[in-house]
1. Short version: what are the Cα gyration tensor semi-axes of the chain, square root of 5 times each eigenvalue, largest first, in whole Å?
2. If neighbour count is taken as other Cβ atoms inside 10 Å, put Thr139, Thr77, Thr257, Thr146 in order from fewest to most.
3. Taking only C-alpha pairs under 8 Å that are 6+ residues apart, what is the relative contact order of the chain in percent?
4. For the chain, the longest stretch holding no trypsin sites (Lys or Arg not before Pro) located in a DSSP loop with at most 13 other Cβ atoms within 10 Å is which?
5. Sort Cys329, Cys312, Cys121 by Cβ crowding within 10 Å, fewest neighbours at the top.
6. Please arrange His205, His82, His330 by how many other C-beta atoms lie within 10 Å of their C-beta, fewest to most.
7. So if a site counts as exposed when it's one of the GluC sites (Glu not before Pro), its DSSP state isn't H, G, I, E or B, and it has at most 10 other Cβ atoms within 10 Å, what's the longest stretch of the chain without one?
8. Could you give each residue of region 38-48 its phi-based ³J(HN,Hα) in whole Hz, using Karplus coefficients 6.51, -1.76, 1.60 with θ = phi - 60°, and x for Gly or Pro?
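Just so you know, all these numbers are worked out from the coordinates, no wet-lab data involved. On a predicted model such as this, the values are computed, not experimentally measured, just so you know. Glycine gets a Cβ as well: all are built from the backbone with ideal geometry, and neighbour counts include every protein chain shown.
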Amino acid sequence: NNKQNHLNIKGITFRHFGKATVENGGGTIYHDRTLDLRSIHHLTIDSCIFEWNNDPMLVTGASSFFTVQHCRFKDQTGLWSHAQVKKSNDVYFQPLLGWVLPSTFGRSLENAAISMFANECRNYVVRNNYIDGYCNGITANFATNTINDADFYGNTITRSFDGIECDGPWRNLKVWGNDISQMLAGISMAPPVGGPNYIFRNVFHHIISRWNVVDDPYYIGCQPVNSYFSQGLGIKTNSGSTDGGALLYFINNTFHTADTLGFAAFIWDNEWGRMNWINNSFNSESEHLFYLASALNDTDFQLNSSHDHVDCPNGVLLQIKEIHGQFTCHETPLAANMEELIREVTGSERVSFRQTVQGDPKFKNPENGNFELEEGSPLIDVGLVLPGFYDYSGAAPDIGAKESAAAMSYVDSAPTNGLSIIFPNPTTNVWYIKSEEPIDSGVLLDGYGKFIRRFSMSSGGIENLGAELPVGIFFLELTTHSKKVDRFKLFKH
């Protein structure tokens, strides 16, 4: 109604608003909607329950200052196979968008817990909700709206196709602190338009593929297939549009999959303006980690990665297909080769991977969704310090979404007996050790406790240490002539 509502809807349970009306053989579909919100302002939906509703919440018109918090959404569409929802037998013309779209009754259930199809909307907050079993957790129709200043945080979204679908023009979108699991796509940006948009400290895990059919888009890798599945993606860009690319920041996220067709990122065309990955942890227990499609001679391709972590011990880190529909591919299992390979295939000079960490991240219990870091993880305190992002303990941020409680800050003084000084800590080159007493024994260990070297030094002497060491965490134990012990945790960036 385009009025300043200042309304709070709280503590109501909504059930069984779910029977869509389908006419003309699927050509016309009318959805039943639980909350039909048109041109609303200053509306909060708080602590409500939505169960077995086809479309729980739709926002249209010019809307602002809309908050959904502490709600529970439950359905089962997201449990269906990809084919059950997407199967395309007929087509129909959608007059609002001017598209010809495949249509079945399943298509009418391609719904979301929270749908934002409004025009000129701003100041949306979706926080601390639980969303289970909807086709999409949170979605917006990029053909009809621009959303400005939106915060999605603290949500748990599970068993969906797209966890968060932010296709199209979003500006100052902040997606943070969410747990998104068992999805076909963790976050969809197809295409990413507008920006800048920030995705940080989210966990995308149990990324899974779904069964599909031959007459709907399915995964085709580097050889012909005779089974039809749609791949699972942590980051999805696949619309084919390159207009108005957004500025994107992925910071301190964790991605994890064990599915044979699960990918941390599946990148299709260079759809963004500039994409930056910083302090993220990308993990696959299966065959692939990253997939880049239709990359041959894409000289405008751009990707910056800094202080990210990658691990795919049973397969390849990066697979690149030259041309979609053909089978010429390139791949590498080594982080050190990813930048060179992408540059070689695309011909682009706008690609960089800086200080990538490769190896076991030492998650506590990834099978059950616990991606906290064990003590001694190589990801602790080795991230890049970013202005404005100070939610970390220790000398620097950990890599990934979960900051370790084991992280500790050290200054240029000894933490135990005060007889020795180490500086600078952290370092980018060497540490210098100065001791008031002779050091009978200095023992240096890596982050896993493995012995590296032993040394001794005289009183008042200065020993430089670490020039030969890679980036990481190290432990140093110094035993003086009087049998006093100083212990240090050392950081090299």
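1. Each semi-axis is the square root of five times an eigenvalue, giving 47, 26, 19 Å.
2. Taking fewest neighbouring Cβ atoms as first place, the list is Thr146, Thr77, Thr139, Thr257.
3. Once normalised by length, the contact order is 7 percent.
4. Longest site-free region, per DSSP loop and neighbour criteria: 20-449.
5. Fewest-to-most ranking of Cys329, Cys312, Cys121: Cys329, Cys312, Cys121.
6. Fewest-to-most Cβ neighbours within 10 Å comes out as His330, His82, His205.
7. Segment 1-348 is the longest.
8. After applying 6.51 cos²θ - 1.76 cosθ + 1.60, I find 10, 6, 9, 9, 6, 10, 10, 10, 10, 6, 9 Hz.
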